[in-house]
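Here the structure comes first, spelled out in structure tokens, and everything after it is commentary.
The values are calculated or read from the model by the stated rules, or taken from the named source; none is laboratory data. Because the structure is predicted, anything quoted here is derived from the model rather than measured. With ideal geometry, Cβ positions are generated from the backbone for all residues, glycine too; neighbour counts draw on all protein chains shown. The accessibility values were calculated without ligands, DNA or RNA, using every heavy atom of the protein model including side chains. Shrake-Rupley method; radii C 1.70, N 1.55, O 1.52, S 1.80 Å.
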Amino acid sequence: MHIPEVTPPTVAITGTTDRFPVRRIFCVGQNYADHAREMGSDPDRQQPFFFSKPADAVVASGTTLPFPTQTEDLHHEVELVVAIGVGGKDVAVAEAAAMIFGAGVGIDLTRRDLQALAKKAGRPWDMAKGFDQSAPVGALTPGRPATHGAIALAVDGETRQSGDLSMMIWSVAEVIATLSTLVELAPGDLIFTGTPAGVGPIRRGQRVRATIDGLEPLEIAFEG
């Protein structure tokens, strides 16, 4: 019997030909008050909640994607993504930033119609978030990310999302520390840290550009 060889997915690193190996992808939900409101939730500072995407959902900047199956309501969510370089569990907030290898721009692609149906039925919405090629991530910039700076997304040149990293309800360090109480974080983990308001649909044939001050832009397109 032939045992297949599986190559782990990787993300580019700025200034080098080296690649960051991806182990797992975690995402924190509704970490900007304005986005929580637009999704019909109370933005009070409650305990953050998390969901996951498969590691091989990562997509490099510059990729043209087939439009996802089983949806007519694909949504964009621009996010700061942090890459974990040092693992740990039950990490203190003051120690969490030291675990970061680097940061990049990400887009949490969401099949919103499937998510709405799952929520209505009280079922998990894994397939609304964790489908193939649902986690575009731009090149990682080594070092700790800024706590302030513009975060934005445009579709075909029209700005859809615009905010600031300082608008996060939970800081990056708090997100990492909280997640480390639920799972033991390890090198290679990526964490999507939430999106500002303005999430909305992407149509076939459209181009998406996501930016965060100080990081490499992320650009993707969809087949017509």
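At a glance:
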quantity: Gyration tensor verdict on the stretch 78-224 (Cα atoms; rounded if a/c is under 1.5, prolate if a/b is larger than b/c, oblate otherwise); calculated: oblate
quantity: Exposure of residue 148 as accessible area (Å², to 10), given a probe of 1.4 Å and all protein chains; calculated: 120 Å²
quantity: Using θ = phi - 60° and Karplus 6.51 cos²θ - 1.76 cosθ + 1.60, couplings along the stretch 14-27 (whole Hz; Gly, Pro as x); calculated: 4, x, 7, 8, 5, 10, 8, x, 9, 9, 8, 10, 10, 9
quantity: Environment charge at residue 12 (Cβ cut-off 12 Å; Lys +1, Arg +1, Asp -1, Glu -1); calculated: -1
quantity: With every protein chain in place, the chain: carbon and sulfur % of accessible area (1.4 Å); calculated: 51 percent
quantity: Antiparallel bridge percentage (DSSP; both residues within the chain; nearest 5); calculated: 80 percent
quantity: The chain, accessible area per residue, ligands and nucleic acids excluded (1.4 Å, Å²); calculated: 47 Å²
quantity: The stretch 68-224: relative contact order as a whole-number percent, Cα under 8 Å and 6+ apart; calculated: 34 percent
quantity: Computed [θ] at 222 nm, deg cm²/dmol, the chain (DSSP H ≥ 4; -39,500 (n - 2.57); rounded to nearest 500); calculated: -3500 deg cm²/dmol
quantity: Proximal charge balance of residue 109 [Cβ under 15 Å; K/R count +1, D/E count -1]; calculated: -2
quantity: Candidate lysines - alpha carbon under 28 Å from residue 120, same-chain residues fewer than 8 apart omitted; calculated: 53, 129
quantity: Cα gyration tensor shape for the stretch 1-136, rounded if a/c is under 1.5, else prolate or oblate; calculated: oblate
quantity: Lys/Arg +1, Asp/Glu -1 at C-beta; the chain dipole; positive extreme among 68, 106, 176; calculated: 68
quantity: Whole-Hz couplings from phi, Karplus 6.51/-1.76/1.60, listed for the stretch 101-113; x for Gly and Pro; calculated: 7, x, 8, x, 8, x, 10, 8, 7, 9, 7, 5, 5
quantity: Environment charge at residue 65 (Cβ cut-off 12 Å; Lys +1, Arg +1, Asp -1, Glu -1); calculated: -1
quantity: For the chain, the longest site-free run once GluC sites (Glu not before Pro) in DSSP loop states with at most 15 other Cβ atoms within 10 Å are removed; calculated: 73-183
quantity: In the stretch 115-208, the trypsin sites (Lys or Arg not before Pro) that fall in loop regions by DSSP, at most 11 other Cβ within 10 Å; calculated: 204
quantity: Nonlocal amide H pairs with residue 22, under 5 Å, H built at 1.01 Å; calculated: 10, 11
